[in-house]
Every structure is written in C-alpha cells, then in structure tokens.
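Please read the structure below before turning to the comments.
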C-alpha cells in the first residue's frame with residue numbers, strides 16, 4: 001500500500017514539473033489513480049473510501065481560518081494601489097540616503113514594512129523594481145547589488161507576519177495532525193517575528209559590509225538632493241508614509257498576539273485599514289475598488305482550487321497508507337530527528353528551484369508532518385524553518401518568481417545574469433540563518 005502511495009506522489013510531482021496545471025493535477029490524478037487501484041487492487045482502495053471526499057472538501061470551504069486568506073490578499077492589493085510603496089521609499093531614502101548603501105538599506109526596510117502590510121511578493125518586487133531600481137542605477141549602484149537587494153527584500157512577505165504563507169502552512173500542518181499537535185496561526189505569527197526581524201538585520205549588515213569594502217558599489221546620495229526630497233512638510237510626509245502603515249501593522253498583529261482578535265478578524269481589520277490608508281493617500285475610487293476585488297477573487301480562487309486538489313491527494317495518499325509507510329520507514333532507519341529535519345529542508349530547498357511555494361505546502365507538508373510528529377519534534381519550530389526555507393524558493397534560479405518579476409520591470413541594460421549574481425549572497429544569508437534557527441530553536445519562542 002505504501003509503495004502505491006509513493007508512486008502517486010512521484011507521478012504528481014513529475015506532472016507538475018512538466019508544467020501541468022497544479023489544481024487539476026493534484027485532484028484529477030489522485031482520483032484517476034485511486035479508481036485504477038479500485039479496479040486492479042480493490043483491497044487497497046475501495047469506492048466507498050471516496051465517500052469521505054465531499055466531507056473533506058466542505059471542511060475546507062467551511063474553515064473559518066481560511067477566510068483570512070482573501071482578506072489578507074485584499075489588504076495587500078489595496079495597499080499596493082494606495083501608493084504606499086512610493087511614499088515609503090522616498091521617506092526612507094531621505095533618512096538613510098547620506099549613508100553609503102543608504103538607498104539599499106531603505107529598500108530593505110521598505111520591503112519589510114510592505115511585507116508586514118501586504119505580504120504579496122509579486123506586487124512588492126514589481127513596485128520596488130519600478131520605483132527604486134532606476135534611482136539606484138542613476139546613483140551609480142552596482143547592478144547586482146541593486147537587483148539582489150530588491151528581489152530579496154520583496155520576498156520578506158513570505159516570513160514576516162501577517163503572511164499568507166504562514167496561514168496556509170498553519171492550516172496544512174493542523175490538517176495533517178491529530179489531537180492538539182497542530183499549529184495555531186496566531187502562535188505561528190508570533191513565532192516568526194523575531195526570526196524575520198533578525199533576517200532583515202542580516203540583509204542590512206550585508207549591505208553595510210559591501211558598502212564599507214566596496215564604496216563604489218553603493219555610493220551615498222548628494223546632500224542637496226536629500227534636502228530637496230525633505231521639503232517644507234517633511235514631518236507630515238513621514239507621518240503619512242511611515243507612522244500610519246506602522247499603526248495598521250500594530251493593529252493587525254497586535255490584535256492577534258494580545259488575544260483581542262482571531263487571525264480572521266485581524267485580517268478584516270487589516271482590509272478595512274488598507275481602505276482607510278488608500279483614502280488618506282487620495283488614491284481611492286470605484287475603479288480601484290473594482291480592480292482590487294477582481295485581483296483578490298482571482299488569487300483566492302487559485303489558492304482554494306489548489307487546496308481542494310491537495311485535499312483530494314491527501315485523502316488518497318493516506319488511504320493508501322503512505323503516511324504510515326513513511327513513518328515506519330523513517331523509524332526503522334533509526335535516523336535522528338535532526339538528520340531527518342535537514343533532509344526535509346534540503347528537499348524543500350531543491351524542489352523550490354522548480355515549483356511554487358503553494359504547491360510545496362500542499363504536496364510535501366502533508367507527507368512529512370506525520371513523520372515529524374512521530375519523532376516528537378516541535379511543530380512550531382518546524383513551521384518557521386519551513387517558512388524560511390520556502391522564502392528562498394522565490395530567489396533560487398532558474399525559476400525563482402522574484403527573479404521573473406524583477407526582470408520584467410528592469411531597464412534593458414540589466415541582464416538576467418546581473419539579477420542571478422545579485423541574489424546569490426542573499427540566498428546564502430537565508431541558508432545561514434536557517435542553520436542558526438536549527439541551532440537556536442528558542443528564537444521562535446520569544447513571543
């Protein structure tokens with residue numbers, strides 16, 4: 001039975017690598033494979049086992065936690081339309097522009113703030129690429145440093161809460177667990193705060209080191225230009241561009257961490273706050289609202305179609321005994337928990353070169369979670385490590401989505417190899433930080 005389940009897993013993985021649509025591949029292949037087993041080996045999978053499928057699918061649609069997904073998507077897209085990124089970048093550049101590497105540091109800080117406000121990688125990378133890359137090139141920045149900083153900063157939305165990745169990851173782990181061994185999304189948000197802040201600090205430290213040893217790669221901005229950027233109403237500009245988004249972040253995260261609101265309720269607060277910020281920025285109108293609602297519907301539909309397909313795959317995989325087979329195999333191999341953890345993280349890292357984070361969450365996580373639980377490992381710590389690992393999938397060539405997004409909005413003189421060279425140091429930073437998290441698991445238990 002376990003071998004049949006592994007064949008199904010490999011078949012789906014190969015089909016996705018060949019470019020077949022994820023949702024129908026997950027759901028359709030699982031159903032057809034199960035029907036084949038019913039016909040040729042009915043002792044392993046019976047038609048009556050399909051009776052559980054409608055209940056599983058309706059359980060997804062009735063899941064109160066997952067309502068947070070469209071709300072966070074709405075919040076992110078609305079803030080993208082508000083012009084918040086432009087205001088933040090200009091404000092941060094006026095604050096740090098005189099420091100060597102100050103523009104790059106501004107991009108990292110803005111990327112972190114946008115990650116906590118929007119959490120949508122594509123929107124963040126494209127927006128910062130359009131706004132900051134021409135300015136950095138004009139100021140004499142190295143192409144690789146400029147593009148690497150923008151691409152890496154744009155991926156921070158994967159780990160900095162509130163993050164859609166963390167919501168889906170918490171739901172996937174909880175769905176794969178039994179009893180109270182799951183992960184609460186609010187607790188996961190709190191666990192990711194310190195690692196994400198430290199990662200941002202590592203990015204800034206790297207930029208400062210490069211700027212110190214190679215000042216020609218990241219020159220400071222002229223003082224006259226900074227004075228012109230600040231203008232007469234500088235304090236008011238800082239309030240609008242920096243303080244108001246920060247208040248929104250505190251309202252969303254604070255309401256979750258302090259137990260005032262559930263993640264879904266906090267997502268609703270964030271969506272409403274994003275509308276208010278867009279109104280304050282003077283960018284709100286009916287056309288913007290329609291466009292935001294349209295994009296929210298498309299992205300939400302994509303996520304839930306994949307989730308329904310993944311639920312079908314999980315049902316067939318578990319009914320065929322795949323999870324029990326893997327647990328027995330790992331336990332009989334006498335692998336230490338840390339060795340198994342490293343193997344899973346390497347697998348996710350390699351797979352991230354080729355497929356999207358959503359597919360990894362819904363295909364690999366339900367398979368490995370029972371194994372981690374059988375080894376009695378801290379699932380909260382595991383979840384943060386996986387989220388940090390998934391973040392690298394946006395940067396790893398050749399199919400890192402951030403690389404595609406940035407290349408699409410880059411000037412013609414910026415080549416693909418410039419972007420590849422730029423992201424490599426940031427990938428090493430993330431890998432190093434994952435090692436640090438493995439060695440110091442207490443970092444996820446600060447909040």
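The values are calculated or read from the model by the stated rules, or taken from the named source; none is laboratory data. Keep in mind that what you see is a predicted model, and the values were worked out from it rather than measured. With ideal geometry, Cβ positions are generated from the backbone for all residues, glycine too; neighbour counts draw on all protein chains shown.
Data for the structure
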read-out: Selection count where residues are closer than 16 Å to residue 116 by Cα and surrounded by fewer than 17 Cβ atoms within 10 Å (Cβ to Cβ), scope the stretch 258-283; value: 1
read-out: Residue match in the stretch 187-198 (condition: more than 24 Å from residue 376 (Cα to Cα) and modelled with pLDDT under 85); value: no
read-out: Residue match in the stretch 85-107 (condition: within 24 Å of the chain's Cα centre (by Cα), surrounded by fewer than 24 Cβ atoms within 10 Å (Cβ to Cβ) and in a loop (DSSP other than H, G, I, E, B)); value: no
read-out: Of residues in the stretch 330-361 being without any contact (Cβ under 8 Å) to a residue 12 or more places away in the chain and at negative phi, the one surrounded by the most Cβ atoms within 10 Å (Cβ to Cβ); value: 335
read-out: The listed residue being part of a helix (DSSP H, G or I), in contact with a helix residue (DSSP H, G or I) (Cβ under 7 Å, 6 or more places away or on another chain) and within 19 Å of residue 304 (Cα to Cα), out of 58, 75; value: 75
read-out: Filtered residues of the stretch 2-13 (kept if surrounded by fewer than 16 Cβ atoms within 10 Å (Cβ to Cβ) and within 19 Å of residue 324 (Cβ to Cβ)); value: 3, 7, 10
read-out: Residue match in the stretch 200-210 (condition: assigned to a helix (DSSP H, G or I), more than 25 Å from the chain's Cα centre (by Cα), crowded, with 19+ Cβ neighbours inside 10 Å and modelled with pLDDT of 90 or more); value: yes
read-out: Residue check for residue 250: modelled with pLDDT of 85 or more and under 24 Å from the mean Cα position of the chain (by Cα); value: no
read-out: Among (1) over 30 Å from residue 428 (Cβ atoms); (2) modelled with pLDDT under 90; (3) within 25 Å of the chain's Cα centre (by Cα); (4) exposed (fewer than 13 other Cβ atoms within 10 Å of the Cβ) - the single one residue 294 does not satisfy; value: (2)
read-out: Residue, nearest to residue 305 (Cα to Cα), within the stretch 14-33, restricted to residues that are surrounded by fewer than 17 Cβ atoms within 10 Å (Cβ to Cβ) and within 24 Å of the chain's Cα centre (by Cα); value: 24
read-out: Any hit, the stretch 373-387, residues being farther than 23 Å from residue 186 by Cα and either touching a residue at least 24 places away in the same chain (Cβ under 8 Å) or touching a strand residue (DSSP E or B) at 6+ places or on another chain (Cβ under 8 Å) (or both); value: yes
read-out: Qualifying positions in the stretch 16-25 - at pLDDT below 85 and assigned to a helix (DSSP H, G or I); value: 16, 17, 22, 23
read-out: Tally of residues being touching a helix residue (DSSP H, G or I) at 6+ places or on another chain (Cβ under 7 Å) and farther than 22 Å from residue 155 by Cβ across the stretch 342-372; value: 7
read-out: Qualifying residue in the stretch 74-84 (condition: at pLDDT below 85 and surrounded by fewer than 20 Cβ atoms within 10 Å (Cβ to Cβ)); value: yes
read-out: Close pairs (6 angstrom Cβ cut-off, 6 or more residues apart or separate chains): in a loop (DSSP other than H, G, I, E, B) in the stretch 140-156, surrounded by 24 or more Cβ atoms within 10 Å (Cβ to Cβ) anywhere; value: 141/218
read-out: From 163, 175, 132, 144, residue being touching a helix residue (DSSP H, G or I) at 6+ places or on another chain (Cβ under 8 Å), modelled with pLDDT under 85 and surrounded by fewer than 23 Cβ atoms within 10 Å (Cβ to Cβ); value: 175
read-out: Test: residue in the stretch 39-48 that is touching a helix residue (DSSP H, G or I) at 6+ places or on another chain (Cβ under 8 Å), part of a helix (DSSP H, G or I) and surrounded by 14 or more Cβ atoms within 10 Å (Cβ to Cβ); value: no
read-out: Selection count where residues are in contact (Cβ under 8 Å) with a residue 40 or more places away in the chain and within 19 Å of residue 350 (Cα to Cα), scope the stretch 13-36; value: 4
read-out: The one condition in (1) within 24 Å of the chain's Cα centre (by Cα); (2) at pLDDT below 85 that residue 269 fails to fulfil; value: (2)
read-out: Unique residue being within 20 Å of residue 61 (Cα to Cα), touching a helix residue (DSSP H, G or I) at 6+ places or on another chain (Cβ under 8 Å) and touching a residue at least 24 places away in the same chain (Cβ under 8 Å) when the list is 278, 314; value: 314
read-out: Selection count, the stretch 147-160, where residues are within 13 Å of residue 89 (Cβ to Cβ) and modelled with pLDDT of 85 or more; value: 3
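Rundown of residues vs (1) more than 29 Å from residue 187 (Cα to Cα); (2) at pLDDT 80 or above; (3) in contact with a helix residue (DSSP H, G or I) (Cβ under 6 Å, 6 or more places away or on another chain), yes/no style:
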position: 398; (1), (2), (3): yes, no, no
position: 420; (1), (2), (3): yes, yes, no
position: 428; (1), (2), (3): no, yes, no
position: 433; (1), (2), (3): no, yes, yes
